[in-house]
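Following: one structure in structure tokens, then a few remarks.
The values are calculated or read from the model by the stated rules, or taken from the named source; none is laboratory data. Since the structure is predicted, the reported quantities are computational estimates derived from the model, not experimental observations. All Cβ positions, even for glycine, are placed from backbone atoms using ideal geometry, and neighbour counts span all protein chains on display. Surface accessibility is based on the protein's heavy atoms, side chains included, excluding ligands, DNA and RNA. Shrake-Rupley method; radii C 1.70, N 1.55, O 1.52, S 1.80 Å.
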Amino acid sequence: MTDRTLLTRTANPNLVVATLALAGVSAAFMQTILIPLQPRLPQLLNATSEGTAWVITATLVAAAISSPIAGRLGDIYGKRRIAMVLLVLQLLGAILAALSDTLPPMIIARVLQGTAAGVIPLGIAILRDVLPPRRLGSAIALVSATLGVGGALGLPISALVADNLDWHALSWIAAALTAICLVLYAVLVPANTSRTAGRLDIIGIAGLTVGLVGSLIAVSRGGEWGWGDPRTLTLLIGGIVVLCAWGVFELRTTDPLVDLRVTARGPVLLTNLASIAMGFALFASNIVFPQLLALPTTTGIGLGLSLLAAALVLAPSGLAMMAMAPVAGRIQRVHGPKPLLIAGAVVIAISYGGALLFHATLWQILIVNTLVGVGIGLGYAAMPALIMQAVPASETGAANGLNALMRSLGTSVAAAVVGAVLAQSAMTGGSNTGPTESGFMLALTLGLAAAVVCIVIAAFIPRPKIPTDGLGVKTTR
């Protein structure tokens, strides 16, 4: 009897999937929990606007760094164990945030909360260990969708609490949710998921961390500082140099944090490139549609909604991602993950095409944004399956973590590029209230272009040489 068969029999698949999905939702919730409060943070934390911007930036950077590192640690020391460590850090961060009234401890708290993003790729890797093949596709789709579900549901919840309770209540709610996830993990998720022999690559962790911190901060803050600002250039160039040196070291070390030779394989490389494009397409809509909904009606393009109302309009996108889980599972079992990824990107492209024509009413934005959620739900379900088809089981955690990093890179680039486009539009249009319609059209066109790039890249992803159970490919075993 194999270890996987034993795990399947001893663990309740439904409860395991529900636990992993809830943990993913809680981690994604941390990404948006303070967005409704962002304009008020300088007053609440007695700090400058530039200083409080780090409260958001710190979480995004920590989340991007955590995913590949946590994935590799999970492969070596056990995925459940590392996921529970991340949940403990998330809990500590939530409690610290709930007790904070000044900027420094709040930034530390947000870094701790951001590290929990690694539970999503770890959860996907655990699924490969504990689920029977027929359940794997839909379960991967569900856990992958939590990234969007947590964010979409987090906005209206955060706005509602912020408008009616003390702002610290948000962090106490986050702490309670995290504590529930931690208990469920301890009780329901089996401990003996697969591991691989290896040593901890301390130099690799340090190099990746320094390189990503420099690069991602430069991309995140470049629009505010200026792309020619010495801070931006120093961090960006320094980060790229460190990442290049890190890559050389990883190729020469025995037990690398990331096996770049495996990453360079056609299916893995192209899937990661497609992930960057889809991450860009996702976040472009996350920037454009909230602004269209919230801008005053006097601008001629805005709908003048409150933050809570706008969040409720955008929430169905996250629900659509979750609703796509069983559909994605069926498509994957019959046709495989590659057509699923292409289908998701096509739906996103159609959505952006529709948005270019129809964006003048609440219902048009609701429908278009929900369709984006459908496409993201299909595409995000396909990516982990494509990765796991192409890597050995011993590297599932690290490979999924790196793929999560690629998606984060896409969203970070989208935030910088689309943000710069809209900001430039507001300046050239002489508007004090926000971007012009032409600026929004250009931003939507960039989202459409990213979706088309994703389609093209996905079309060239080769089929795996070794078919894998449960991922839409027949096996000869």
Exercise. Label Leu160 and Ile203 with points 7 Å out from Cα along Cα→Cβ: what is the distance between them in nm?
Worked result: 5.2
Problem set entry | Once the Cα gyration tensor of the range 259-464 is diagonalised, semi-axes √(5λ) in Å | 33, 18, 13
Problem set entry | the range 202-254 shape via C-alpha gyration tensor axes, a/c threshold 1.5 | prolate
Exercise. For a label point 7 angstrom out from the Cα of Glu437 toward its Cβ, which stretches of the range 302-325 have the backbone nitrogen within less than 15 Å?
Worked result: 302-303
For this session: For Val187 and Leu269, compute 0.36 nm times the residue count separating them, minus their Cα-Cα distance, and round to one decimal in nm.
Result: 25.9 nm
For this session: Can you send over the carbon and sulfur percentage of the accessible area for the chain, probe radius 1.4 Å, protein chains only?
Result: 70
Problem set entry | Calculated FRET value between Ala176 and Glu50, using beta carbons and R₀ = 22 Å, to 0.05 | 0.10
Exercise. Once you put a point 7 Å from the Cα of Ile367 and another 7 Å from the Cα of Ala426, both along the Cβ direction, what distance in nm separates them?
Worked result: 3.0
Seminar exercise, completed: Rounded to whole Å, √(5λ) for the Cα gyration tensor eigenvalues of the chain, largest first, gives 33, 25, 23
Seminar exercise, completed: Full extension between Asp255 and Phe358 adds, at 0.36 nm per residue less the Cα distance, a length in nm of 31.9 nm
Exercise. For the range 224-350, which semi-axes, largest first and in whole Å, follow from the square roots of 5 times the eigenvalues of its Cα gyration tensor?
Worked result: 35, 28, 11
For this session: Please state the charge dipole magnitude for the chain, taken about the Cα centre, from unit charges on C-beta atoms (+1 on K and R, -1 on D and E), reported in debye and rounded to the nearest 20.
Result: 1620
Problem set entry | Rg and Dmax of the range 44-128, Cα atoms only, in Å | 14.1, 47
